1. According to a simple spin-label model (label point 7 Å from Cα along Cα-to-Cβ), what is the distance in nm between residue 91 and residue 70?
2. Just subtract the alpha-carbon distance of residue 82 and residue 102 from 0.36 nm times their residue separation and send over the number in nm, one decimal.
3. Determine, from the Cβ-Cβ distance of residue 63 and residue 3 and an R0 of 30 Å, the FRET efficiency 1/(1 + (r/R0)^6), rounded to the nearest 0.05.
4. What is the gain in length, in nm to one decimal, between residue 24 and residue 110 on full extension, counting 0.36 nm per residue of separation less the C-alpha to C-alpha distance?
5. From zero up to wherever the largest Cα-Cα distance of segment 66-114 sits, split into 10 Å bins and tell me the percent of pairs in each.
C-alpha cells in the first residue's frame, strides 16, 4: 500500500485552511473523510504536511549473538534449534524456532545432524542384479 501523493495532501490541507468542510473536501478529492481528518489533525498537532516514512530495515534480535551461537555449536554440535531458543531465552532474547533458523541460514550455519543421511543413494541397493 502506498501513501497518497504530497500534491494531494497539499491540496487537501489548503482546502481545509480556506474553511471548506472535511466531508466536501473528501468528496471532491475522492478520499475518505477519515483520512482528511487524520492529516488535518496531524498538521495541527505536529505541523507535518508530508506522509510518514514507510517500511525500513529491522535489526535482528540476534545481531550480536553470532559468535556466541557459533561457540555453542562448537561445544555441542548436535544442539537443536529448540535448545538454542531455550538458551537464548535464558539470556533475555525471545525468538521463535523459524526466526532462529532463518538467521542461522543467513550466517551459513545449517548443519546436518547425521553425515550418513547426506548421501543421495541408499547403500546396498545400487548394485543389485535382477
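1. In this crude spin-label approximation the distance works out to 1.3 nm.
2. 5.9 nm
3. So, using R0 = 30 Å, E works out to roughly 0.55.
4. On the way: separation 86, 0.36 × 86 = 30.96 nm, distance 5.92 nm.
Gain on stretching residue 24 to residue 110: 25.0 nm.
5. Pairs per bin, as whole percents: 26, 64, 10, 0.
Each value in this text was obtained by applying a stated rule to the coordinates, not by laboratory testing. Since the structure is predicted, the reported quantities are computational estimates derived from the model, not experimental observations. All Cβ positions, glycine included, derive from the backbone under ideal geometry; neighbour counts span all protein chains shown.
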